[in-house]
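Novice: Submitted below is the structure of interest, expressed as structure tokens.
Read-outs throughout are calculated quantities, based only on the coordinates presented, and are distinct from any laboratory measurement. Please read these numbers as outputs of a predicted model, since none were measured by experiment. Here the Cβ positions follow ideal geometry from the backbone for every residue, glycine too, while neighbour counts run over all protein chains shown.
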Amino acid sequence: MAFLRPADLAREHGISPQTVRNHERDGLLPAADRTASGHRRYGARHAAALRAYRALVPAHGYAEAATIMRAVTAGRLEEALAAVDRGHAELLRDRGTLHTVGEVLIRLGSASDRSLGGSSDRPSDGSSGGPGWRARRGLTAPFTIGELARRLGVSVATVRTWEKAGVLSPERRSDTSHRVYGADDVRDAELAHFLRRGGYPLAVIATVVRQIRAAGDTRALEAALDDWRGRVAARGRAMLTAAALLSDYLALEEATASVAG
């Protein structure tokens with residue numbers, strides 16, 4: 001059986017031997033065998049694990065990639081698969097948001113409807129609308145700040161930060177002064193959450209949201225969506241590659257365990 005040194009594994013990925021040793025220390029690779037003098041001896045399973053981890057990073061990010069590999073090397077496969085599923089679910093949500101915002105752009109570009117504030121979004125008399133209107137928007141009632149935060153999976157403090165940045169401008173109840181978020185506010189918050197995951201600063205997001213509210217120049221929104229479409233497509237491809245390499249590693253581990261047994 002041919003053994004590999006840290007430098008051998010490192011060379012394939014353009015990283016340092018110390019990085020390979022750090023990955024092993026951090027549980028991202030199986031523990032290496034040792035020579036009588038204490039030198040590490042890696043094999044095909046370690047090479048496969050490193051390939052899988054390196055592929056998981058662009059697919060799921062450093063933190064989740066580490067979570068997945070630590071769970072795999074520790075034998076907690078269900079935990080690893082759950083983390084993989086979270087990434088796929090988030091990507092699916094992003095695709096859905098892209099579709100929704102794309103429809104908004106089409107509507108903004110329509111000569112027959114230049115505003116998002118038309119009758120399908122908010123009643124013309126400025127009221128909150130009846131149950132039928134709210135049902136069409138997927139809402140049963142205006143949201144409180146806590147309900148909106150839970151819907152998005154963010155903290156209440158984050159929602160308040162978006163408001164301070166001008167991303168959100170909720171109305172307030174006349175009797176309690178509590179914030180209330182209607183359908184348009186939910187739309188703005190979902191778009192803000194989406195663009196924040198894409199790495200856009202709050203100042204840019206606030207500008208984009210104001211453009212949507214005013215149905216003005218949407219070039220900034222179109223550019224952001226085009227960029228994010230590319231990121232979503234690249235991440236989808238990266239997930240396919242990572243899944244294949246992770247499967248290869250798991251198959252090799254099963255084969256090794258079978259021979260050892």
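Novice: Can you pull the one-decimal nm distance between simple spin-label points at Ala257 and Arg11, each 7 Å off the Cα toward Cβ?
Specialist: 3.2
Novice: Another question, then. Run the numbers for Ala82 and Ala244: contour at 0.36 nm per residue of separation, minus the present Cα-Cα distance, in nm.
Specialist: 56.7 nm
Novice: So if each residue of separation counts as 0.36 nm, and I subtract the Cα-Cα distance between Glu147 and Leu98, what length gain in nm does that give?
Specialist: 15.3 nm
Novice: If amide H atoms are built 1.01 Å from N in the plane of the peptide, which residues on other chains or at least 5 residues away come under 5 Å of the amide H of Glu171?
Specialist: Long-range HN contacts for Glu171: Val180, Gly182.
Novice: So, one more: Pop a pseudo-label 7 angstrom from the Cα along the beta-carbon direction at both Ala74 and Thr207 and give the gap in nm to one decimal.
Specialist: It works out to 4.4 nm between the two label points.
Novice: On to the next question. Which order do peptides 47-59, 237-249, 187-199, 78-90 fall in by mean Cβ count within 10 Å, highest first?
Specialist: 47-59, 187-199, 237-249, 78-90
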